[in-house]
Amino acid sequence: MQPRILVIEDETEIANYLRRGLVFEGFEVQIANDGHAGLAAAREHPPDLVVLDLMLPGIDGLEVARRLRAVSDVPIIILTARDAVPDRVAGLESGADDYLVKPFAFAELLARIRVQLRRRQSERQPAVLRYATLTMDTAAREVRNGERRVELTAREYELLELFMRNPQQVLTREVIYDRVWGYDFGGESNIIEVYIRYLRQKLEANGEPRLLHTVRGVGYILREE
Ligand code: CA
């Protein structure tokens with residue numbers, strides 16, 4: 001199911017620009033042109049994420065954020081033209097999860113949206129993931145292979161978490177790049193190979209059997225041989 005994004009923005013040009021970009025990226029998008037319409041839309045069809053402009057006619061964005069937050073834990077990303085620290089603080093205190101200062105690059109918004117959706121999704125999933133001899137405690141961010149504790153960097157952890165959440169499925173290099181690095185696949189980069197090698201070295205440090213396998217020409221898979 002495609003994530004639903006509610007965009008609350010009164011400037012038609014920006015709203016349309018966001019709609020086109022987000023639909024192209026596979027999201028379901030609803031636009032509301034003011035705060036009242038936004039709150040009503042959120043009630044009728046609860047979105048998975050809200051992109052909220054601060055400067056709105058009627059009820060302003062901060063108040064919309066407070067009212068949304070009062071009834072739901074939906075991630076809220078604020079757009080603000082006012083690049084002032086007090087506004088940012090007020091935005092986050094109102095319950096927003098992140099903010100972007102206008103003008104912003106669409107790719108930046110997209111990256112922030114993906115971070116928020118991923119965070120929300122992992123909060124809803126079980127705290128301890130297990131596959132074969134691997135255990136990943138996502139609350140403590142602790143990984144073990146058997147009894148042995150495996151120390152991972154943040155990026156290595158994210159990469160392994162993607163496999164732990166999708167065991168016995170081939171993950172293409174494009175999917176891995178998009179989900180772990182959060183932007184479009186560059187094509188030439190060997191960064192995934194490098195990180196897979198790090199992970200294998202750490203997971204197999206005591207001669208444990210290989211669990212991360214290469215699927216030649218396609219990607220990688222977490223499975224028992
Ligand atoms: Ca506005």
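The values are calculated or read from the model by the stated rules, or taken from the named source; none is laboratory data. In this text, all values refer to a predicted model and were calculated from it rather than measured experimentally. Because the Cβ atoms are built from the backbone with ideal geometry, glycine has one as well, and the counts that use them run over all protein chains shown.
Key figures for this structure:
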quantity	calculated
Subset of the stretch 51-75 [assigned to a loop (DSSP other than H, G, I, E, B) and either within 16 Å of the ligand (Cβ to nearest atom) or surrounded by 15 or more Cβ atoms within 10 Å (Cβ to Cβ) (or both)]	Leu54, Met55, Leu56, Pro57, Gly58, Ile59, Asp60, Ser72, Val74, Pro75
Filter result (in a loop (DSSP other than H, G, I, E, B) and either modelled with pLDDT of 95 or more or over 23 Å from Glu108 (Cβ atoms) (or both)) within the stretch 24-47	Phe27, Asn33, Asp34, His45, Pro46, Pro47
Pair list, Cβ under 7 Å, 6 or more apart: the stretch 12-28 residue assigned by TED's automatic domain parsing to the domain that holds Asp53, other residue assigned to a helix (DSSP H, G or I) and surrounded by 15 or more Cβ atoms within 10 Å (Cβ to Cβ)	Glu25/Leu110
Tally of residues being among the polar types (S, T, N, Q) and within 13 Å of the ligand (Cβ to nearest atom) across the stretch 1-18	1
Condition check for Gly21: assigned to a helix (DSSP H, G or I), within 13 Å of the ligand (Cβ to nearest atom) and under 23 Å from the mean Cα position of the chain (by Cα)	no
Selection status of Ala90, buried (at least 16 other Cβ atoms within 10 Å of the Cβ), within 26 Å of Asp178 (Cα to Cα), touching a helix residue (DSSP H, G or I) at 6+ places or on another chain (Cβ under 8 Å) and among the small types (Gly, Ala, Ser)	no
Hits in the stretch 8-19 (condition: under 12 Å from Leu56 (Cα atoms) and either touching a Pro at 6+ places or on another chain (Cβ under 9 Å) or of a type in the set (Phe, Trp, Tyr) (or both))	Asp10
Search result, residues across the stretch 5-18 that are assigned to a helix (DSSP H, G or I) and within 17 Å of the chain's Cα centre (by Cα)	none
Check on Asp137, crowded, with 18+ Cβ neighbours inside 10 Å and without any contact (Cβ under 8 Å) to a residue 24 or more places away in the chain	no
Test for Leu212: is it surrounded by 12 or more Cβ atoms within 10 Å (Cβ to Cβ) and touching a Pro at 6+ places or on another chain (Cβ under 7 Å)	no
